[in-house]
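Please treat every number below as a calculation from the coordinates, not as lab data. On a predicted model such as this, the values are computed, not experimentally measured, just so you know. FYI the Cβ positions are ideal-geometry reconstructions off the backbone, even for glycines, and counts take in every protein chain you see.
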Amino acid sequence: MKILFVTPLYPPQIGGPATYAKLLVDELPKRGHGVTLVKFSNFTWLPSGLRHMAIFGHVFLESFSHDMIFAQDVFSVGFPAALAAQFAGKKFVVRVPGDYAWEQGTQKFGVSDSIDDFQKKKYSWRVELLRSIQKFVVRSADTVIAPSAYFANMVQGWLFTPSLSRGQDAKKVHAIYNGIDISRIQEFSKKTYQLATISYKLVSAGRLVPWKEFGSLIKIVAKNPTWKLTLVGDGPEKEHLQNLAQALGCTARVIFDKALPQEKLWETIAQADAFVLSSSFESFSYQAVEAMALGVPVVATNACNMEEIITNNETGILVPVKNDEALEIALTQLFGDGSLREKIGTAGARRAEDFSILRTITELVNLLNSL
């Protein structure tokens, strides 16, 4: 099968989606599938709007020499790819990494509701337009892939139409976890869990956006003078977070790393005493699973699908969403007990093996072959 693989992010761009796309492009040919890569970054020199038209034209022309179009999001590449697939009469598969309408609504259009509440309400015409586009994309797909069972259930709600029963429509939604390259990551595994004598190191990573709740993490670090935090990532909240750290007098203990190569990120996480995920939303936390694979104990909120990944007090520690006190207590307990850190770190590493890229690829290939 020849697959036209269309992705919004790809290395050297950083982040979970870029890493995941690279793994798929590398692994699918090993399973007998030809892959042609189309990257959004090749079209960013064009003005917004024109670049989507250019992607549509490129994908449409390329599709005639391919059996299937496989898009990695619902908007930047998913929308033009969906249109191209319809015009060309090709099989179309889309992976839905998040709720684009909710994300943009939260960042730009004043949406303050949680992602679960967002599904039940109506908003401004701009938000509803984005919601309509992503619903069009998933409804036009032959198969929809979601990164967790939690998110697959949400996407099923987007698919419901009066002409189809919910049961029939939902059959094309499949939960396939993001895969990580276990063998490469384990080369950088954490070596020691000894009690620190001076300070404790926390690491968190991801886009600097409101639902990551990095501000709460900075406030907690500010209250604990022996804690140091490294935030790896970039995004629209960066200046606000830097100003917050300055206002709280902890700029020397909060380090902002804009971008790190993959292996350098693993080295940074492996040197930490804990990886912290303070998010109020995650469709699938690539960084949390990588931290677990490194043997670093993970403290995370129980947002969305995190209970699918972490068993509380066994393979990690889960705390309620937006509960700074609970997060601080969990970190204090972890830092005060080296044996607990080692127990959770080693158990987390075993659990991370369930998210290997080989397992992901096997499930994905079986699904694509079924089409």
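Looking across segment 136-155 at every residue that is more than 19 Å from the chain's Cα centre (by Cα) and assigned to a helix (DSSP H, G or I), the one that is nearest to Val96 (Cα to Cα) is identified as Val137. For the condition in contact (Cβ under 8 Å) with a residue 40 or more places away in the chain, part of a helix (DSSP H, G or I), surrounded by fewer than 21 Cβ atoms within 10 Å (Cβ to Cβ) and over 19 Å from the mean Cα position of the chain (by Cα), Glu328 qualifies.
Here's the yes/no breakdown for (1) surrounded by 17 or more Cβ atoms within 10 Å (Cβ to Cβ); (2) farther than 23 Å from Val319 by Cβ:
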position: Asn243; (1), (2): no, yes
position: Leu248; (1), (2): no, no
position: Val254; (1), (2): yes, no
position: Ala272; (1), (2): yes, no
position: Phe275; (1), (2): yes, no
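Within segment 83-97, the set of residues being touching a helix residue (DSSP H, G or I) at 6+ places or on another chain (Cβ under 8 Å) and either loosely packed, with under 15 Cβ neighbours inside 10 Å or not aromatic (Phe, Trp, Tyr) (or both) comprises Leu83, Ala84, Ala85, Gln86, Phe87, Ala88, Lys90, Lys91, Val93, Val94, Val96, Pro97. Per the conditions (1) outside any helix (DSSP H, G or I); (2) buried (at least 18 other Cβ atoms within 10 Å of the Cβ), the sole criterion not satisfied by Lys120 is (2).
Table: residues versus (1) among the aliphatic types (A, V, I, L, M); (2) touching a Ser or Thr at 6+ places or on another chain (Cβ under 7 Å).
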| position | (1), (2) |
| --- | --- |
| Thr192 | no, no |
| Ala259 | yes, no |
| Thr268 | no, yes |
| Ser283 | no, yes |
